[in-house]
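Only one structure is covered here, and it is reproduced in the block below.
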Amino acid sequence: MSLSKAKELILIEAEAVRGLLKKLDGNFERALDLIMKCKGRVIVSGMGKTGIVGRKIAATLSSTGTPSIFMHSAEAVHGDLGQVTSDDVVIVISTSGETEETTRLIPLLKKIGAKTIAMTGNLKSRLAKHADVAIDVGVEKEGCPLGVAPMASTTATLVMGDALAACLIVRRKFRKEDFAFYHPGGSLGRQLYLRVSDLMRGAKHYPCVDQGMPVKKVLIAITKARCGSACVVNASGKLLGILTDGDIRRNLEHGEEFLNKKVSAVMTKNPVCIKQEELAVEAFHLLKERNIDELPVVDAKGKSVGLLDIQDLLKAGLF
């Protein structure tokens, strides 16, 4: 019984979202135009469940390049209207379009000079008729067994808000780098803005050795630097190869004379490497793909400038 009711509800909400496709028209485009021309902020307002959805819409807009805040409809008529200016666009959400607190807002917002966008399930409502633009988010059925709690309508409203945000991202040519600027915290933000140069071991913190150095001295350099490998370079600093502690252990099985050989004779030539300006997340994927633990880092001319260990990525909280 419970599973069948759950499936029924999901189908109802899925159909409500699908129904939005038929509701996308010139009003949606006009709403986008109003927001793009907005010199102030987008203020999203609503009551109850739609108010909660409004908070999410405002948060999504803000994080994707459209400055936005949420204003509770009831609080608006008790002083919060002071947040609104003539440069703002206000999105007023009401399923019925007749909620007293929301319908009272429209004439007040017009007096301030702000443009208004109604998101409602009733295009014949007072809210829809008096707003500058009205977007239809109506649904045929809510899905609530009692027929009282908004379910499908709030889902449809949320999706329409996401549709606005998605189109604004495209219109503003908003990039991943811009998104990262607004999300510096957490692994998501770090994945989008941390670069290899931010995390690599540079200068004296990684072993960078001459191609003519004996393996014995390279091993000492690796040990002192507490790394798992050494980058091998020529006289101009160009990366030629890499020698890992694993390479050394495996070759020691053939005798200690190996330690006296030149590193150029035993190193891995033309190793997998990464440029310092690349995103750190790209380095992680490369390490995982090649099943290795360390990456030499080079500049645009192929000179060795650092070493990146997978542990450096993990310590940075990248994943």
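The values are calculated or read from the model by the stated rules, or taken from the named source; none is laboratory data. This structure is a prediction, so every number in the text was calculated from the model and none was measured. All Cβ positions, even for glycine, are placed from backbone atoms using ideal geometry, and neighbour counts span all protein chains on display.
Before moving on, here are some points about what is shown:
- The residues in the range 30-70 that are within 18 Å of Val133 (Cβ to Cβ) and either part of a helix (DSSP H, G or I) or over 20 Å from the mean Cα position of the chain (by Cα) (or both) can be counted, and the count is 22.
- Filtered residue count, the range 35-68, keeping only those that are surrounded by fewer than 17 Cβ atoms within 10 Å (Cβ to Cβ) and among the aliphatic types (A, V, I, L, M): 3
- Listing of helices (runs of 4 or more DSSP H) fully contained in the range 172-261 that carry 2 or more residues being farther than 24 Å from Phe284 by Cβ and either free of Cβ contacts under 8 Å to residues at least 12 places away in the same chain or touching a strand residue (DSSP E or B) at 6+ places or on another chain (Cβ under 7 Å) (or both): 215-225, 245-252
- Any hit, the range 226-241, residues being modelled with pLDDT under 90, within 39 Å of the chain's Cα centre (by Cα) and surrounded by fewer than 16 Cβ atoms within 10 Å (Cβ to Cβ): yes
- Output for the range 122-141, where each listed residue is over 16 Å from Leu108 (Cα atoms), surrounded by fewer than 21 Cβ atoms within 10 Å (Cβ to Cβ) and within 33 Å of the chain's Cα centre (by Cα): Gly138
- Glu75 passes every criterion in (1) within 19 Å of Ile52 (Cα to Cα); (2) among the acidic types (Asp, Glu); (3) not in a helix (DSSP H, G or I) apart from (3).
- Test: Lys141 is of a type in the set (Lys, Arg) and within 29 Å of Glu8 (Cβ to Cβ): yes
- When Ile222, Ile274 are screened for being touching a Leu at 6+ places or on another chain (Cβ under 6 Å) and under 22 Å from Val305 (Cα atoms), only Ile274 passes.
- Sole exception among (1) basic (Lys, Arg); (2) part of a loop (DSSP other than H, G, I, E, B); (3) at pLDDT 95 or above; (4) touching a helix residue (DSSP H, G or I) at 6+ places or on another chain (Cβ under 7 Å) for Lys124, by number: (4)
- Single condition Asp210 does not satisfy, out of (1) assigned by TED's automatic domain parsing to the domain that holds Ser125; (2) surrounded by fewer than 17 Cβ atoms within 10 Å (Cβ to Cβ): (1)
- In the range 68-94, the residues that are assigned by TED's automatic domain parsing to the domain that holds Leu168 reach residues that are among the β-branched types (Val, Ile, Thr) and part of a loop (DSSP other than H, G, I, E, B) with C-beta atoms within less than 7 angstrom, at least six apart or across chains, in these pairs: Val90/Val84.
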